[in-house]
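Each remark here refers to the structure printed beneath this line.
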Amino acid sequence: MESLNRMATELVDEAIDFAEELTIDVHALEGDAAVLDFGVEVPGAVEAGLVLAEIQTAGLSTVQSTMAEVAGAPLTHVELSTDHPALALLCSAKGGWELSTDDFEGLGSGPARALVAEEDIYQRVGYREDADFAVLAVESDRLPDEAVAAQVAERTGVPETGVFLPTFATASVTGSVVAAARAAELACFRLSELGFDPVNVLSANARAPVAPVAGDEASAMARTTDALAYGAQVHLTVDEPFDRFDEVASIAGAEYGEPLAGVFADVDWAFGDLPVELFAPAQVTVDVVGGDTHVVGDTHEAVLAESFGL
């Protein structure tokens with residue numbers, strides 16, 4: 001298998017070739033790093049979000065949209081499947097790189113994280129890589145500048161000419177689509193945090209509703225988290241039993257049962273102070289190969305209807 005960053009770069013190149021069709025803009029920075037605007041100064045789009053979710057997973061997942069109802073209302077949903085959950089979802093797609101300069105704040109996800117490999121998940125999976133390219137998807141309401149590109153290049157050991165920064169705001173069509181694609185990632189990460197070896201997750205399939213675009217970043221964060229905590233359904237196939245499967249769904253959280261905007265406001269939107277149990281899918285089925293099948297949690301359409309304004 002090629003490196004995650006190499007595979008993601010091929011997808012980025014394809015997105016650049018079809019930028020007009022995807023309604024994205026491409027900007028070259030002073031050091032020739034490329035910033036792809038997937039939903040900051042442009043409104044974003046469903047197809048752009050699907051492509052970006054595939055880029056974030058380095059091409060190791062299939063991502064598509066479908067239609068389903070929430071509280072009687074037809075809404076777009078995102079389906080994601082992968083047979084490489086540890087690599088695609090945890091070593092690549094997971095958001096784990098906090099970007100900060102004098103003029104910029106953002107959260108990075110995607111395979112460039114594997115070039116740094118400082119997060120605990122890389123030790124658990126036993127993975128890191130070297131590559132000539134770095135693809136870091138950036139969640140921010142501003143486009144990255146030269147200082148951000150230089151920071152990414154320095155930490156990854158990649159020249160700025162090989163740095164690609166697809167960027168989107170949470171409060172964009174793309175942001176809502178990308179968030180919905182994170183359901184399987186949340187389930188796998190939650191299992192890992194509970195002590196389950198992520199390498200023992202053999203496949204992951206998930207579906208979640210695409211939240212209506214909110215008017216600001218904070219509200220969008222709450223609403224897209226609601227979409228996962230109350231509307232996401234995940235199916236995992238694993239090859240080892242575990243005595244904590246019942247804690248992998250959002251129902252394990254004490255705050256379960258109300259739109260999360262109020263919960264976020266209670267901690268003054270300091271997401272690091274939030275209980276980790278909030279960041280989990282609504283319902284999870286875990287099939288143990290040769291063993292039992294566990295079904296945990298349930299969707300909660302009444303809360304989604306309140307959160308989405310249905």
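All of the numbers you see were taken from the coordinates with simple rules; none came from a lab. Not measured: the values here are computed from a predicted model. Because the Cβ atoms are built from the backbone with ideal geometry, glycine has one as well, and the counts that use them run over all protein chains shown.
Pairs of C-alpha atoms in the stretch 4-308 farther apart than 31 Å represent 24 percent of all such pairs. Taking Cα centre as origin and charging only the Cβ of basic (Lys, Arg, +1) and acidic (Asp, Glu, -1) residues, the dipole magnitude of the stretch 41-143 rounds to 320 debye. Summary value for the stretch 107-215: 25 percent relative contact order, contacts being C-alpha pairs under 8 angstrom separated by 6+ residues. With respect to the chain, whose longest principal axis is taken over its alpha-carbon atoms, helix 4-17 is tilted by about 70°. Antiparallel beta bridges, as assigned by DSSP with both residues in the chain, represent about 70 percent of the total such bridges. Mean residue ellipticity, 222 nm, helices only, the chain: the sum of -39500 (n - 2.57) across DSSP H runs of n ≥ 4, divided by residue count and rounded to 500, is -9000 deg cm²/dmol.
Annotation: amide H-H contacts under 5 Å for Thr170 (H modelled 1.01 Å from N, sequence separation of 5 or more, or interchain): Ser140. For the stretch 192-212 versus the stretch 102-132, the inter-centroid distance based on Cα atoms is 19 Å. This model, with +1 at the C-beta of Lys and Arg and -1 at the C-beta of Asp and Glu, gives the chain a dipole about its Cα centre of some 660 debye. Residue by residue, the stretch 282-290 carries 3J(HN,Hα) couplings of 5, 9, 9, 9, 10, 9, 8, 4, x Hz when phi is fed to the Karplus relation 6.51 cos²θ - 1.76 cosθ + 1.60 (θ = phi - 60°); x denotes Gly or Pro. What would the Debye formula give as log10 I(q)/I(0) at q = 0.13, 0.14, 0.33 Å⁻¹ for the alpha-carbon point model of the stretch 149-192, no solvent? For the stretch 149-192 at q = 0.13, 0.14, 0.33 Å⁻¹, log10 I(q)/I(0) is -0.50, -0.57, -0.99.
Against the main long axis of the alpha-carbon atoms of the chain, helix 46-56 sits at an angle near 80°.
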